[in-house]
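The values are calculated or read from the model by the stated rules, or taken from the named source; none is laboratory data. These numbers come from a predicted model, not from an experiment. Positions of Cβ are backbone-derived with ideal geometry, glycine not excepted, and every protein chain shown enters the neighbour counts. Heavy atoms of the whole protein, side chains included, go into the accessibility calculation; ligands, DNA and RNA do not. Shrake-Rupley method; radii C 1.70, N 1.55, O 1.52, S 1.80 Å.
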Amino acid sequence: MLRTAPLLLFTHADLGGRSVFRPVSLEVAVRPGSGRVWVDLSRSNGYAPAWQRHVQHLGALGRARYVLPWEEMDFFVSPKGRSLTLDGRSASLPIFVAWVALLSGRALPSPFLATGVVLDGQEALTPAPREYLQGKLEVADTYVRQVHPGAGRVPMWVPEGSGFTAEPLAALEVRPVPDLIAAVERILGLGPAAGTSPGGVA
């Protein structure tokens, strides 16, 4: 049994002192296995060790919060472009929600737009600096207008407490959330398992 979902991430790079924001397409999937994480390294794609450790943290958080087949399903991440290095934590929010959606058999919104950093050992989303979040929001707004012109205002989920200006965003409805668990509940309608306790995961 293979379950797949497209995932759009919003990245930031500093090129010659100039901030560049762009969307990156991935496909994520789960299939029977032993709870491992796999990354497609074809087309010169790769990942940083810190990214691998961070995804392991997201998996540990999921196991602590949701009664789902974490140990019976492997998680696959496949970048759709070339020469992409998975790095950093800004994809914490979309990756975690997509992973839970695949394991639970729930559908992601289409399009599903989200960005947010979770530090290792935590489940709370870290507020994003205004200049970074604004750039990602404007790229997402352009994406919706070009690719989904009839969708109206599309929700984009971001960390609560982040700085941004909503006025120039014609196609987005920005929805702040405090942490990953609240994001899963609001996006997928799935609450944490009874008997789990709040707080970070070591």
* Could you tell me which chymotrypsin sites (Phe, Trp or Tyr not before Pro) in segment 1-54 are loop residues by DSSP with no more than 15 other beta carbons within 10 angstrom of their beta carbon? => none
* Roughly speaking, to the nearest percent, how much of segment 9-110's 1.4 Å accessible area is carbon and sulfur? -> 48 percent
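Can you figure out the FRET efficiency of Thr4 with Thr142, using R₀ = 25 Å and their beta-carbon distance, to the nearest 0.05?
Efficiency, from the Cβ-Cβ distance: 0.45.
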* Structure-derived Rg/Rh (Cα atoms, Kirkwood Rh) - corresponding label in (i) 1.15; (ii) 1.01; (iii) 0.94 -> (iii)
* **Charge tally in the Cβ shell below 14 Å around Leu9, where Lys, Arg are +1 and Asp, Glu are -1, Leu9 excluded** => +2
* Structure fact -> Output row, site Arg106, 7 Å Cα→C-beta label point, backbone N cut-off 20 Å, window segment 19-54, residues 28-31
* Asked: In nm, what is the difference between 0.36 nm times the number of residues separating Arg36 and Ala166 and their Cα-Cα distance?
  -> 42.9 nm
* Show that you can apply the helix-only estimate: for the chain, add -39,500 (n - 2.57) for every DSSP H stretch of four or more residues, divide by all residues, and state [θ] at 222 nm to the nearest 500. => -9000 deg cm²/dmol
* Asked: Under a point spin-label approximation (7 Å from Cα along Cα-to-Cβ), what is the Glu185-Val24 distance to one decimal in nm?
  -> 3.1 nm
* Structure fact -> Over the Cα atoms of segment 131-173 the radius of gyration and the largest Cα-Cα distance (Dmax), both in Å, equal 10.1, 30
* Under a 1.4 Å probe, what is the accessible area of the chain per residue, stated in Å²? -> 48 Å²
